[in-house]
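Everything on this sheet refers to the single structure shown next.
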Ligand SMILES: NC(=O)c1ccc[n+]([C@@H]2O[C@H](COP(=O)([O-])OP(=O)(O)OC[C@H]3O[C@@H](n4cnc5c(N)ncnc54)[C@H](OP(=O)(O)O)[C@@H]3O)[C@@H](O)[C@H]2O)c1
């Protein structure tokens, strides 16, 4: 763990693109299946979130073909047309069982580019390490071909174990390409990556980790607690983490986050994101449904927790390592 000045940009891997050290995740953009798009928030609020993020220095957005069945990419495509600022887009390929030829990769990528209204993206990630009928070797070769074609700048994976990440890294290496990222669930309440070898392997291989669900779907903002009236929308209401016993377990972490937030004149969400940014080559991608959330999350940039804060957070979230 390090503290002090955090970098202003992060190069994903040698020869790879550089991203802002904090991104915005757009799973909730256009998704009414898990989240509650169209009911609790709409396109105007997402458009405001997009521009607020850019104004606050966040220039990297993460999406996927499956988010809102393409709607997340469509929304981003429309918003991208409204800015002249350079924006890095990362999207994802879902290895569905019937996608078993390399043509499927090209067709799927072209459909994403079409929805995003761009000719290329900075990063293309394999959403899950499913093998089905297209083995990793064929898949990584198809992605390497897309780098050569110029439709993607860098290749990433998501939810890969240390071993799977090593395999993808080695296969791409044979084509002279560096695996840029592994996007994994990582937050103060999801620290398994530190004990299952993923963090160590990524550091050894020079791979950046993109931390998904870095606020644990809103829990680390402190707005869902034993004392608060706030109830999560969408599918989260059925999650045990948001139940009374889940919130009881969370209480010491929220107390600690609030104390550290007060000390720095920040919010618990900003402290939680800054903790991740202090783990070295980790870029958190919090979701934001409106301009206020985007602005507040961007407040994790430009300062750093100190060594004592990092130690305190490490200790209070020890139970979340397993
Ligand atoms: N690769 C994968 O398999 C995978 C899986 C999951 C996520 N992801 C990526 O990671 C991104 C983020 O994950 P996530 O959306 O699951 O969870 P998250 O970032 O941990 O939480 C996002 C939610 O927290 C609340 N929130 C965010 N900022 C807030 C703020 N400043 N103040 C108060 N509330 C705030 C919002 O919901 P409410 O306002 O409704 O509480 C928001 O939708 C996704 O959008 C996606 O890009 C990837």
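Quick check, is residue 110 outside any loop (DSSP other than H, G, I, E, B), in contact (Cβ under 8 Å) with a residue 40 or more places away in the chain and farther than 25 Å from residue 51 by Cβ? Break it down into steps so the answer makes sense when it comes.
Numbers: outside any loop (DSSP other than H, G, I, E, B): yes; in contact (Cβ under 8 Å) with a residue 40 or more places away in the chain: yes; farther than 25 Å from residue 51 by Cβ: yes.
Considered against the rule, which asks whether it is outside any loop (DSSP other than H, G, I, E, B), in contact (Cβ under 8 Å) with a residue 40 or more places away in the chain and farther than 25 Å from residue 51 by Cβ, residue 110 comes out as yes.
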Condition first: surrounded by fewer than 18 Cβ atoms within 10 Å (Cβ to Cβ) and either without any contact (Cβ under 8 Å) to a residue 24 or more places away in the chain or at positive phi (or both). Now tell me which residues in segment 213-231 satisfy that. 223, 227, 228, 229, 230, 231
Applying the selection to segment 262-291, what residues are free of Cβ contacts under 8 Å to residues at least 12 places away in the same chain and either in a loop (DSSP other than H, G, I, E, B) or near the ligand (Cβ under 8 Å from one of its atoms) (or both)? 265
Among the numbered conditions (1) within 27 Å of residue 10 (Cα to Cα); (2) away from the ligand (no atom under 16 Å from the Cβ), tell me where residue 252 comes up short. (1)
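Take the residues of segment 193-237 that are in a helix (DSSP H, G or I) and in contact with a strand residue (DSSP E or B) (Cβ under 8 Å, 6 or more places away or on another chain): which is farthest from residue 252 (Cα to Cα)? Break it down into steps so the answer makes sense when it comes.
Step one: list which residues in segment 193-237 are in a helix (DSSP H, G or I), which gives 193-195, 198-205, 219-221, 234-237.
Add one more test, that the residue is in contact with a strand residue (DSSP E or B) (Cβ under 8 Å, 6 or more places away or on another chain), and what stays is 193, 198-199, 202, 205, 220.
Working: 193: 22, 198: 27, 199: 25, 202: 30, 205: 35, 220: 12 Å.
Among them, the one singled out is 205.
Being modelled with pLDDT of 95 or more and over 14 Å from residue 156 (Cβ atoms) is the filter; apply it to segment 115-135 and report the residue that is surrounded by the most Cβ atoms within 10 Å (Cβ to Cβ). Lay out the reasoning, then the answer.
Initially, segment 115-135 is screened for residues modelled with pLDDT of 95 or more, giving 115-129.
In the following step, the residues that additionally are over 14 Å from residue 156 (Cβ atoms) were identified as 115-120.
Numbers: 115: 20, 116: 23, 117: 13, 118: 19, 119: 8, 120: 16.
Checking each candidate, the answer is 116.
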Does segment 266-273 contain any residue that is at pLDDT 95 or above, in contact with a strand residue (DSSP E or B) (Cβ under 8 Å, 6 or more places away or on another chain) and surrounded by 18 or more Cβ atoms within 10 Å (Cβ to Cβ)? yes
Reported set for segment 84-114 where residues are farther than 26 Å from residue 209 by Cα, modelled with pLDDT of 95 or more and crowded, with 16+ Cβ neighbours inside 10 Å is 104
Scan segment 174-191 and tell me whether some residue there is at pLDDT 95 or above, part of a helix (DSSP H, G or I) and within 20 Å of the chain's Cα centre (by Cα). no
Those residues of segment 121-160 which are within 15 Å of the ligand (Cβ to nearest atom), touching a strand residue (DSSP E or B) at 6+ places or on another chain (Cβ under 9 Å) and more than 22 Å from residue 60 (Cβ to Cβ), in sequence order: 129
Residue 34 passes all but one of the listed conditions (1) in a loop (DSSP other than H, G, I, E, B); (2) in contact with a helix residue (DSSP H, G or I) (Cβ under 6 Å, 6 or more places away or on another chain); (3) away from the ligand (no atom under 12 Å from the Cβ); the exception is number (3)
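Mind checking which residues of segment 161-179 are within 16 Å of the ligand (Cβ to nearest atom) and touching a strand residue (DSSP E or B) at 6+ places or on another chain (Cβ under 8 Å)?
If the condition is that a residue be within 16 Å of the ligand (Cβ to nearest atom) and touching a strand residue (DSSP E or B) at 6+ places or on another chain (Cβ under 8 Å), then 164, 165, 168, 179 are the ones that fit.
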Taking the stated definitions as given, is residue 197 near the ligand (Cβ under 10 Å from one of its atoms), at positive phi and within 22 Å of the chain's Cα centre (by Cα)? no
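Filter segment 298-309 down to the residues that are out of contact with any helix residue (DSSP H, G or I) (no Cβ under 6 Å at 6 or more places or on another chain) and in a helix (DSSP H, G or I), then identify the one that is farthest from residue 158 (Cα to Cα). Break it down stepwise before answering.
Keep residues of segment 298-309 that are out of contact with any helix residue (DSSP H, G or I) (no Cβ under 6 Å at 6 or more places or on another chain), which gives 298, 301-304, 306-308.
In the following step, the residues that additionally are in a helix (DSSP H, G or I) were identified as 298, 307-308.
Details: 298: 23, 307: 30, 308: 32 Å.
Of everything passing the filter in segment 298-309, 308 is farthest from residue 158 (Cα to Cα).
The values are calculated or read from the model by the stated rules, or taken from the named source; none is laboratory data. Since this is a predicted model, take the numbers as computed values, not measurements. Neighbour counts run over all protein chains shown; Cβ positions are idealised from the backbone, glycine included.
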